[in-house]
Amino acid sequence: MKVDMVVMRHSASGAPHFLAKHIPASIINAGDGINEHPTQALLDAFSIQEKLGELKGKKVVLIGDIMHSRVALSNIYLLKKMGAEVMVAGPPTLIPKYIAEALKVKVEYNLQKALQWCDVANVLRIQLERQNQVLFSSLREYNLAYGVSKKRLDSLNKEIVIMHPGPINRGVEIDSDVADGNQSLILNQVENGVAVRMAALYLLSGRGN
C-alpha cells in the first residue's frame, strides 16, 4: 500500500518493532501488549511539566497494576530521563519482582506512604483482561486497600496532583470525586494527548526537520 506512516496498537509486545523491520515507513507505537505506550508517557510528562514547571526533582508515583501496564514502563523511562524520582506502588502481586533493581525505581506497598511521598500520583487502571490468574481477592478489597479516595487525599499534609491515563474504573482504582476534583489533571491529559500526538506525527513525517 506504500504508506508513509503507521500508527499501531497491538496485543503482542514488540509488534511495532517487528513491523518497522519489514516496511519502509515511520511506525508510531500506540501500545504494544504489556510493553510500552510512548505517546502516553509523552503527554503525561508534558502535563506534569505544564502544571509544576519542570520534571527534574519531582516525585512521581505510579499506582496500581504495574505488572500489566504498558503506560508504567514508558512513564518510568521518560520521567527518569527527565530527572524525576519515580516510585511504583500497589499490591505485591501486581508489581514485578525485580523492578526496583532493573529499573532503579522505588517500590512501596502501602498506598498512604506512597501518596505522602509524591508530588504527582498517576493512577493506573486494573487490567483484568490481561490477567490470566487471580492476583487480588476482589475489586472491593482492592478499592479499600489501594483506591485513591478523597478521604485519603484529605489526610495528607500537602496537596498532590492526580493523573490517570484512562479509561477509568471509577470506584476501583480511583473514586469519582477525585477523578473529577480540583487536584485532577485527567482532562488536561486528554487535551494534551491530541497536541502531543499531532507533534509526533508532524516530526516523524519529516516536516519537523
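Couple of notes before you dig in:
- With a requirement of 1 or more residues that are of a type in the set (A, V, I, L, M, F, W, C) and touching a residue at least 24 places away in the same chain (Cβ under 8 Å), the strands (runs of 3 or more DSSP E) lying completely within segment 1-120 that satisfy it span 5-10, 26-32, 59-63, 85-89.
- Only one of the listed residues (Ala45, Ala102) is of a type in the set (A, V, I, L, M, F, W, C) and touching a helix residue (DSSP H, G or I) at 6+ places or on another chain (Cβ under 6 Å). That residue is Ala45.
- Segment 58-98, residues that are closer than 22 Å to Pro16 by Cβ and more than 14 Å from the chain's Cα centre (by Cα): Lys81, Pro96
- Residue in segment 10-22 that is among the small types (Gly, Ala, Ser), modelled with pLDDT of 95 or more, touching a Gly at 6+ places or on another chain (Cβ under 8 Å) and closer than 29 Å to Glu141 by Cα present: no
- Matching residues, segment 167-194, being free of Cβ contacts under 8 Å to residues at least 40 places away in the same chain and part of a helix (DSSP H, G or I): Ser176, Asp177, Val178, Ala179, Ile186, Leu187, Val190, Glu191, Val194
- For Leu55, the requirement of being of a type outside the set (Ser, Thr, Tyr), more than 10 Å from the chain's Cα centre (by Cα) and closer than 30 Å to Gln116 by Cβ is met.
- Residue match in segment 74-93 (condition: in contact with a Ser or Thr (Cβ under 8 Å, 6 or more places away or on another chain), closer than 30 Å to Met198 by Cβ and not hydroxyl-bearing (Ser, Thr, Tyr)): no
- Screening segment 56-110 for residues that are at pLDDT 95 or above and among the polar types (S, T, N, Q) and picking the one that is surrounded by the fewest Cβ atoms within 10 Å (Cβ to Cβ) gives Asn110.
- In segment 134-168, the residue that is farthest from Met67 (Cα to Cα) out of those that are of a type outside the set (Phe, Trp, Tyr) and crowded, with 20+ Cβ neighbours inside 10 Å is Ile162.
- Filtered residues of segment 17-27 (kept if crowded, with 17+ Cβ neighbours inside 10 Å and among the β-branched types (Val, Ile, Thr)): Ile27
The values are calculated or read from the model by the stated rules, or taken from the named source; none is laboratory data. Not measured: the values here are computed from a predicted model. Backbone-built Cβ (ideal geometry, glycine too); neighbour counts: all protein chains shown.
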